[in-house]
Amino acid sequence: MKLELRGITKSFGPLVANDHIDLVIEPGEIHALLGENGAGKSTLMNVLFGLYDADSGEILLDDEPRTFSGPRDALGAGIGMVHQHFMLVPVFTVAENVMLGHESTKPGGVGMLDLDAARQRVRELADRFGFELDPDAVVEDLPVGVQQRVEIVKALARDAQVLILDEPTAVLTPQETDELIGIMRQLKEAGTSIVFITHKLREVRAVADRITVIRRGAVVGSASPEASETDLASMMVGRAVSLSLGKAPAVPGETTVQVRGLTVLDANGSAVVDDVSFELARGEILTLAGVQGNGQTELCEALLGLERPAAGSILLEGNELVGLSPKQVLDAGVGFVPEDRSVDGLVGDFSVAENLVLDLVHTKEFSRAGALDLAAIRKNADHRIQEYDIRTQSATQAAGRLSGGNQQKVVLARELSRPLKLFIASQPTRGVDVGSIEFLHRRIVAERDGGTPVLIVSTELDEVVELADRIAVMYRGRLVGIVPSDTPRDVLGLMMAGVPHDEATAQAAEHPTEAGHE
Amino acid sequence: MTAVDTRAPAAPPARTEPLTRRSWRAPIAFGVLGLAALVLFGLLGKSGEDTTFVISTDNDWVQIGPVSVPSQATAIVLGVLMLLLAAYAAWRAWNRQRPGVWVAALFGVLWVLSFLVWAVAGKSMSLVGLLQGSLILAVPLAFGAMGGLLNERSGVVNIAIEGQLLTGAFGAAVVASVTHSVYAGLIAAPVAGLVIGSLLALFTVKYRVNQIIVGVVLNVFAVGLTSFLFSSVLKPNAATLNSPPRMPVIDIPVLSGIPIIGPVLFRQTLLVYLLYVAVFVVTVALFRTRWGLRVRAVGEHPLAADTVGIDVQATRWRNVLLGSMVAGLGGAFFTIGSVGAFSQEMTAGKGYIALAAMILGRWTPVGALAAALLFGFSDKLQQVLGVLQTPVPNQFMLMLPYLVTIVAVAGLVGRVRGPAAAGEPYVKE
């Protein structure tokens, strides 16, 4: 089926998310939609899927104009979508999720569910693409990679001829990504068109037949998969970017951070951080790699004192941090960038200037006899805005109105504005534009070179490899191993799935992945 | 650095079973309660008196004579049994296992028996009457809880059960009085509940107002409206508007003759039989039909439901209206199902107890019925013992249903998970 979008425009208030976008998807092709976070890719697909109403423009299927007033119409026309945040009901089984919305019922006319038919359909589709899927497994118990397959099966069960995959690899290990690419190729063979939305250049080049690049809501051009990553990145960002950081080798000083046997239990009493030990020296960056949800969040919360560990110790220059409140930990010289800046890193309604001193207002520098020293706060803001190149109308603008990259600069500027003994940043560049990523990475390396031990937690393998002096890989709450930064991506990917280092090295040599090539 | 860092820990061996905390809550609670029962009801109980339970009625096939047991000895035996159960629960806890529902249920039965044996010492009590009354008092709670869960399964919190019960009671009384027919009253009750339900749906589903606030306001509104109509319209015309007939007790042939079970379950009013049907129908509909699957999807993850073409708003509208009708039907109990005439604020917080029954029953009809029976039993027990002049002060007995509610919801429920999207309006860009 040929899909064509003509002049699609969609605004949210003053923000134009899609500006006269034209796009043609030929039958049986894998068409990559490449663009930064916030470029308007997801908005476009939500318009196509009938979740948003376009302000203007038309959708054509096999050259016939169609209007979709809701997902039901889009599904009926043969368009399926695998959303970035899975649209699965966590407490339902695989079969129930797959059948939802087009349930087969038993004869009799009262609408009794025919679960056997749904199970059969799931098995049939799973067999066709050669993967295992238990129709009776409850979705919330499945790993994310498998949940994604459920989403794909769900779309195929409705005979989707155009399949939209919205950032499908964001939650996958490199090996799972490779399997997904295999499934995409099989679908293509079977005649299904695929729209592959991503901001990851490596994957686009591995799988796409054609590439359309979107920037600030408009199509800025198309490219072939042979184009170099640097060229694609420049198209995406709109100016030349250097993808490699080119940082100097670390010069580790004395070891000042010692984490020993740290264990954190969740509410049910199972260990989400399980006997984690590592050491960190002045002037080195340790990155913590792992797929989202393997205990990284809880580890950071334990380090900061938000979560009371069940066992273990955290020594910072010989002082025990376990048992201290977050404020005491911060005062002990720990700088922290939380993974979700809009929730934990900033107060969105506060001004940029206020956010820049959030955890510093009690110091003599910014307060006088219990009252804020507004002049000092203002002066500090002007200084930081310039130093960190924060693009804001003024220091009094609400921080929540800044772009993701500039919000993150505010958080980083605040945390790095005092002398630190340990700097922890969780997902420092999530949802940040490529231009800002480069800047943030350089600041982090500068902090390292200033002699601070740095712990970076990231689920983006590119970032892990880019920043690391050493890499710790976490899986199901445990450290699989700590390896040097030049470890091949394939090996890291296997370790992220829980395979120990030696075994991963052997396996990776046997079965190199496509997207994993340097 | 080329080799694996020597500071790295060895690769972790796979752990065979997950590390979970031992939970001592249940065995400790059982132990303390069991010991208290043993000492208070057994060792400190009156010696030399007998407790008599009547377990048969005149219309049964088989007549069983009243059972008499020595009060103190029986209470001591029951107390020892309870301590054995506590020990079993402790053994399970040591092995990191939960004691199981049947242990808690059996413990509860033993505790209540031991209390009864002590409280009724030297007197006689009808066990059949107690159980029959429990079921009757559970009727509005069970209907209310089912009305609540029909709402919440689709993602709308229904705090307004109280108001729906009250308007249902009012509507049933007035219509039954005017038409001289309890069946017309039975039809009027859900319609009256629907009035509150449509307001709830309008504000929570269409206008996305906070569901808790709307529910509370509707309860206050229902009290105000029915009280106003009661004093300005019903009181002056009590003979024509507020003297409804009462629902007759219908004996189910054959079944009602079974000893104990017969009179309790099958010698009841139509409303009770409707409850049996409702529990069965709602259970099947929610968990076995297309309709139920879609409703639950909307209550758990409305956006996911929307992306497969299910109309979230329409589903919620339908369920809120249906739920309020079920709760309204339960309201009929207060007037035509028991005393007849309507009086001000006669539901007296039963709607909130129904809400607790819904949670305790984990949002399932069968669970809600069981929880409603528990609360109904404590209510009936309070009435029976109040009449019998037991050693417990009457004021304490009046607290019993509410005490049981708090203990049940706080202690037994633990971490239950309701529909994930309950309370959240669905906003689509």
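The values are calculated or read from the model by the stated rules, or taken from the named source; none is laboratory data. Values in this document were obtained by computation on a predicted structure and should not be read as measured data. FYI the Cβ positions are ideal-geometry reconstructions off the backbone, even for glycines, and counts take in every protein chain you see. These area figures cover heavy atoms from the full protein model, side chains too; ligands, DNA and RNA do not enter into them. Shrake-Rupley method; radii C 1.70, N 1.55, O 1.52, S 1.80 Å.
Net charge within 12 Å of residue A:508 by Cβ-Cβ distance, Lys/Arg positive one each and Asp/Glu negative one each, not counting residue A:508 itself? Numbers along the way, then the final one.
Numbers: positive: A:489; negative: A:178, A:490, A:502, A:503, A:510.
So the surrounding residues net to -4.
Other protein chain C-beta atoms within 10 Å of residue C-beta, averaged over B:306-315: 6. In this structure, residue A:507 and residue A:244 have a Cβ-Cβ separation that, at R0 = 35 Å, corresponds to a calculated FRET efficiency of about 0.80. Across peptide A:97-103, the average count of Cβ atoms from other chains found within 10 Å of a residue's Cβ is 6. Here chain A is treated with +1 on each Lys and Arg Cβ and -1 on each Asp and Glu Cβ, and its dipole about the Cα centre works out to around 1440 debye.
As a fraction of the 1.4 Å probe accessible area of region A:41-93, surface on carbon and sulfur atoms comes out at 43 percent. Other residues within the sphere of radius under 12 Å centred on the Cβ of residue A:273, judged by their own Cβ, net out at -3 (K and R +1, D and E -1).
Express in nm, to one decimal, how much length is gained between residue B:102 and residue B:303 on full extension, taking 0.36 nm for each residue of separation and deducting their alpha carbon distance.
Values: separation 201, 0.36 × 201 = 72.36 nm, distance 3.82 nm.
Here the segment from residue B:102 to residue B:303 would lengthen by 68.5 nm.
Surface analysis of the protein assembly as shown yields an accessible area of 42 Å² per residue, using protein heavy atoms and a 1.4 Å probe.
Considering only protein heavy atoms and a probe of 1.4 Å, how much of the accessible area of region B:236-391 is carbon and sulfur, as a whole percent?
Numbers: 4070 of 5870 Å².
Ligands and nucleic acids excluded, carbon and sulfur give 69 percent.
Using only alpha carbon pairs under 8 Å that are at least six residues apart, calculate the relative contact order of chain A and give it in whole percent.
Values: 1037 pairs, mean separation 76.0, N = 518.
Worked out over chain A, it gives 15 percent.
Listed peptides B:324-332, A:419-427 appear in the order B:324-332, A:419-427 once ranked by packing, highest mean of other Cβ atoms within 10 Å at the front.
Divide by every residue of chain B the summed helix terms, -39500 (n - 2.57) for each DSSP H run of at least 4, and state the resulting mean residue ellipticity at 222 nm, rounded to the nearest 500 deg cm²/dmol. Don't jump to the answer; show the numbers that get you there.
On the way: 16 runs with 255 residues, N = 429.
Counting only the DSSP helices, I get -19500 deg cm²/dmol.
Note on residue A:398/residue B:392: beta-carbon distance plugged into 1/(1 + (r/R0)^6) with R0 of 60 Å gives a FRET efficiency of 0.45. Approximating the spin labels as points 7 Å out from Cα along Cα→Cβ, the residue B:80-to-residue A:105 distance works out to 5.9 nm. Distance between the 7 Å Cα→Cβ label points at residue A:379 and residue A:251: 3.3 nm. Judged by the mean number of other Cβ atoms found within 10 Å, the most tightly packed of the peptides A:360-369, A:230-239, B:39-48, B:159-168 leads the ranking B:159-168, A:230-239, B:39-48, A:360-369.
Assign unit charges at the C-beta atoms only (+1 for Lys and Arg, -1 for Asp and Glu), then state the dipole size of the protein assembly as shown relative to its Cα centre in Debye, rounded to the nearest 20.
Working: 76 positive and 93 negative charges, 709 e Å.
It comes to approximately 3400 debye.
Across B:348, B:371, B:169, mean-square fluctuation computed from a Gaussian network of chain B (C-alpha pairs under 10 Å connected) peaks at B:348. Here residue A:327 is the anchor, and the lysines within straight C-alpha reach of less than 25 Å, apart from those fewer than 8 places off in the same chain, are A:364, A:379, A:409, A:421.
Hey, what did chain B get for relative contact order, percent, Cα under 8 Å, at least 6 apart? Don't skip to the end; give the middle numbers.
Details: 790 pairs, mean separation 101.9, N = 429.
Dividing the mean separation by the residue count of chain B yields 24 percent.
For residue A:55 and residue B:47, a Förster radius of 60 Å and the Cβ-Cβ distance give a FRET efficiency of 0.10, rounded to the nearest 0.05. Peptide A:109-119 shows a mean partner chain C-beta count of 3 within 10 Å per residue C-beta.
When the chain is fully extended, how far beyond the present Cα-Cα distance does residue B:345 get from residue B:254, taking 0.36 nm per residue of separation?
Details: separation 91, 0.36 × 91 = 32.76 nm, distance 3.91 nm.
Taking residue B:345 through residue B:254 to full extension adds about 28.8 nm, to one decimal.
Under the criterion of Cα pairs below 8 Å and six or more residues apart, the relative contact order for region A:3-237 equals 29 percent.
In terms of solvent-accessible area of protein heavy atoms at a 1.4 angstrom probe, what is the ranking of B:88, B:402, highest value first? Let's see the in-between values first.
Details: B:88 70, B:402 105 Å².
If we order B:88, B:402 from most to least accessible, we get B:402, B:88.
Stretching residue B:406 away from residue B:427 to a fully extended chain increases their span by 4.1 nm, per 0.36 nm per residue minus the current alpha-carbon distance.
Per atom type, region A:398-518 shows carbon and sulfur on 49% of its accessible surface, probed at 1.4 Å.
Helix-only mean residue ellipticity at 222 nm, chain A, DSSP H runs n ≥ 4 weighted -39,500 (n - 2.57), per residue, nearest 500. What is it?
-9500 deg cm²/dmol
What residues of region B:122-164 lie in the reach of a label at residue B:210, counting those whose backbone N is under 19 Å from a point 7 Å from the Cα along Cα→Cβ? Backbone N within reach: B:156-161. Burial annotation for region A:69-83: residues with an accessible-area loss of at least 30 Å² between the isolated chain and the complete set of protein chains, computed on heavy atoms with a 1.4 Å probe, are A:71, A:72.
Separation of region A:407-485 from region B:339-359 is 58 Å, based on Cα centroids.
Each Lys and Arg Cβ is given +1 and each Asp and Glu Cβ -1; about its Cα centre, chain B then shows a dipole of about 1000 debye. Pairing chain A with chain B buries about 3700 Å² of accessible area. This figure sums both sides and uses a 1.4 Å probe. Surface calculation, 1.4 Å probe, protein heavy atoms: residue A:209 sits at approximately 60 Å² accessible.
Eight or more residues apart or on different chains, and alpha-carbon atoms under 19 Å: count the Lys pairs in chain B matching that.
Numbers: B:46/B:123; B:123/B:380; B:206/B:428; B:350/B:380.
Total qualifying Lys-Lys pairs in chain B comes to 4.
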